[in-house]
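S.K.: Would you mind keeping the following structure in view while I ask a few things?
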Amino acid sequence: MDARQAARYRRALTTHYATIGRSYGERIGRVLGVVIALALWFFIATRLDFCISLGAILFLPLLLVPLARIAGGVVGAAFGEIVEGIAARIIRRKIVTHLRRLHLAQDSNAFGLLMEALLSPLCAPLRDEITNALRHTTQPNSIQAICRTWLKHHKRGERELAQSLARLIHEERWAAQRPLELRVYTALLSEQLELLDLTKPDTVAVLLEACRDADATIAHNARRALSQLRHPAAIDALCEAFLQSEDACARELILQHDYLPQDAIRRALVLFLSGQEARYEALDPEHTLLAMGYLTASESLQRRLLERARQLGRVDLMRVVVGSNTRKRISELRDREWQAVLEALSAQARWHDMWRLATEAPPYWSKQLLQHLAQVGWDAASLEPEERALYEQLRALLPRLIVAIEPNQRRASLVPHRVIAPSNLHLNDFALTADGKYAVLAANERELQVWHLPDGSLEHTLTLPRLFRALATHPSLPLLAVGMTTELHFYRLPELELDATVPIAAASQIKFFAEGTILACRTHRRRVELYTIQGSEWTLWHRLQRPQEVRDFTLTPNQRALLVASGSGAGVFDIATEEYRRTFGGRAAEATALAYLPRLRFTDWLAIGYDDGLIVILSLPPVPESFAVAARERVRLISGNDPIRALHWIEPEQRLLSVSEFTVHLWLPPNRYPQQQLSFETPIVDAHYAFATNLLAVGTRNHLSLWTDPLSHLIRQPITRYKEGDLEWLEQQLQESTNISATRAWLEFIHALVRHHWRYDIAIEPVVINVGEFDIEIEVTD
């Protein structure tokens, strides 16, 4: 078959015959409509009385066009269905039959056309015939292509097509040669377990993933294969999967087949976590292996070890897993450890130690400890008079202490809070969760990291199956959307558990709108696709395309217009008509960033960033049709000469965050001058502001820096770490604040703790408090 004949067959297979039939049917229907109208007009004019005939002569010609259109639509639709249902099947069936003969003759073009027909929705009625034609495939590359197509659609959840190919692969007992994932899955599907190399750890990883497959045959055969492990490296890989991710299938196999790693430390951890306490005690009677394993474990594994010790009710093991003789300085404790301290001291009714910690802990946890003391009705009579007065003062302030910070404090200049800089980090992008507790970092092209921001601790990591392109967090749910080269994955946070897969390819920018019910993806340099959630499925709503490259986009709150930034400036798409209406701002510069703020009842604000560093803020009406006449420029902000990379509104405060290559600016429009400027030595990837925790996160290529207002920073700082400048700032704020707000309550609360600490902190040796799991060392200030 030559190229011209192949092109002719391809057109015949992929042509939408219903459209052709509808076109011809509409023409015939219009003619019939005109004939019917004329016949009706002639009948009325000749058979009825003069008045009715005169009315028919005058008005019936006006109905010719509507009658012709109606008749054309009805006949066209019917004719299109007839052509698609009869003629198309005959033509396509005849071509498929001819391609089958050519495929038997080893014609490579015929195989390619059969695969195209198999994937085409138009050829769905002929899917069984096409599959039967593909049974005669003998070329290894062709078999590889069939297997690859099956796995791709199987992963996407396209059941009908995947099941047809799965049946073909299973009956013909085909198995791909490469890559490893495809080879493993096809070997499981065709039940050829002897083709699997069960000595390689990578094979074990794919098999564990296959154990969770929706196809019962694949999942069953994967468990069968994992039951046959003999090589130590493969067994180690399975046990490591259980330790790192608590894989249920791995745990079941460990218990059924007595799989244990070679390393004594890892063996102790596996026995301890899999519920084999007797064997663990026999292996590690002194618990030294468990202690060493905890010290080298990841954050998630440490939490599991600690939780397992708690479940067993073994205080001795709780101390062992964090080091029996290890002290933790009070400034090193994380939130989960503070919670453990609170529970341990409460269980042992050690109220005086709880009070001692409350006077030295970060004020955030001082509040929690004091609230607990107040709830149990602790009697502070045993304290010295000065300390008893302090306790009464702090307890009186507790009802006024809320986490929220007043706007005037939020708008204060931000101060450095923490730097997250793991080794070998190359940051691609990052996002914050809506509650501001977690940051998700996309690093090194294929890795996701979830960091707990209050602690600065790494919670979970995940290696992506494909190259990373973009990510976004859901505005209200603990959900992460990650765009890759061929699809988009949704992960539950913070565990990074896969929730759904959507076949949206090459999404280079992702945004959620309308409280997370609309997903917008820039899937091409000039294209933006809008998806809506229906049940649990994302379906395409609109696809909009510009002649120039789209640099940024945002959706209006009423979902009637998409605003885009491109080479010709900023403009608006009417979503209903997909018409590009006009350009905002009247500037010749290239627009690089957009941010939309629903501000007032009758006017919204749109911030537009340009490649020359200028930011223009426009006031817009809520109705997109009025943009052309009602858009008004409010203010121009000059951030420098570098292009604006991103713009974000901090909605409750109506502040604007702008990101350039090396600087981040905070603005309070309509003030033309920045409220604060932060400069960095390495290029900035992006910046995000978490209003819930009043935290600004700025990501550069090699670290993530966190900034907050001074009061929020002090609330999380241990009293033992306060400096003289902190006390001066507190006293200045107390002089300037005269109301009884939550901000002043926090200021008074912290000020009292700091003054008490500096007045009575005369210890020479550090105070150590034992809480069961570890010893807390209260530092002595200089």
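The values are calculated or read from the model by the stated rules, or taken from the named source; none is laboratory data. No experiment lies behind these values; they were computed from the predicted model shown. Cβ placement follows ideal geometry from the backbone for every residue including glycine, while neighbour counts extend to all protein chains displayed. These accessible areas exclude ligands, DNA and RNA; they are computed on the full protein's heavy atoms, side chains included. Shrake-Rupley method; radii C 1.70, N 1.55, O 1.52, S 1.80 Å.
S.K.: Looking only at residues that are open to solvent by less than 40 Å² (accessible area, probe 1.4 Å), at pLDDT below 65 and aliphatic (A, V, I, L, M) in the range 289-323, which one is nearest to residue 246 (Cα to Cα)?
M.R.: 321
S.K.: Please go through the range 641-654 and pick out each residue that is within 24 Å of residue 703 (Cβ to Cβ) and part of a loop (DSSP other than H, G, I, E, B).
M.R.: Passing the criteria: 642, 643, 644, 645.
S.K.: Out of curiosity, is residue 261 surrounded by fewer than 16 Cβ atoms within 10 Å (Cβ to Cβ), over 33 Å from the mean Cα position of the chain (by Cα) and either touching a residue at least 12 places away in the same chain (Cβ under 8 Å) or at positive phi (or both)?
M.R.: No, not satisfied.
S.K.: Within the range 353-404, can you find the residues that are of a type outside the set (A, V, I, L, M), closer than 25 Å to residue 692 by Cα, touching a residue at least 24 places away in the same chain (Cβ under 8 Å) and in a helix (DSSP H, G or I)?
M.R.: Hits for the range 353-404 are 363, 364, 365, 366, 367, 368, 371, 372, 400.
S.K.: Sticking with this one: When you look at residue 734, is it at pLDDT 85 or above and of a type outside the set (Gly, Ala, Ser), yes or no?
M.R.: In short, no.
S.K.: Let me ask you something else. Against the definition (open to solvent by less than 60 Å² (accessible area, probe 1.4 Å) and hydrophobic (A, V, I, L, M, F, W, C)), how does residue 248 come out, yes or no?
M.R.: no
S.K.: Give the residues of the range 448-506 that are over 20 Å from residue 298 (Cα atoms), assigned to a strand (DSSP E or B) and among the aliphatic types (A, V, I, L, M), sorted by residue number.
M.R.: 470, 471, 472, 479, 480, 481, 482, 484, 488, 498, 500, 502
S.K.: Regarding the range 454-465, can at least one residue be identified that is under 17 Å from residue 688 (Cβ atoms), modelled with pLDDT under 90 and more than 13 Å from the chain's Cα centre (by Cα)?
M.R.: yes
S.K.: With the condition kept exactly as written, say whether any residue in the range 173-181 is farther than 18 Å from residue 127 by Cβ, assigned to a helix (DSSP H, G or I), in contact (Cβ under 8 Å) with a residue 12 or more places away in the chain and of a type in the set (Asp, Glu).
M.R.: yes
S.K.: Go through (1) under 25 Å from residue 206 (Cα atoms); (2) in a helix (DSSP H, G or I); (3) of a type outside the set (Asp, Glu); (4) at pLDDT 85 or above for residue 282 and report which single condition fails.
M.R.: Condition not satisfied by residue 282: (1).
S.K.: Tally the residues that are in a helix (DSSP H, G or I) and at pLDDT 85 or above, restricting the search to the range 242-263.
M.R.: 11
S.K.: State which residue is most open to solvent (accessible area, probe 1.4 Å) when the search covers only the range 182-218 and only residues that are in a loop (DSSP other than H, G, I, E, B) and over 19 Å from residue 238 (Cα atoms).
M.R.: 214
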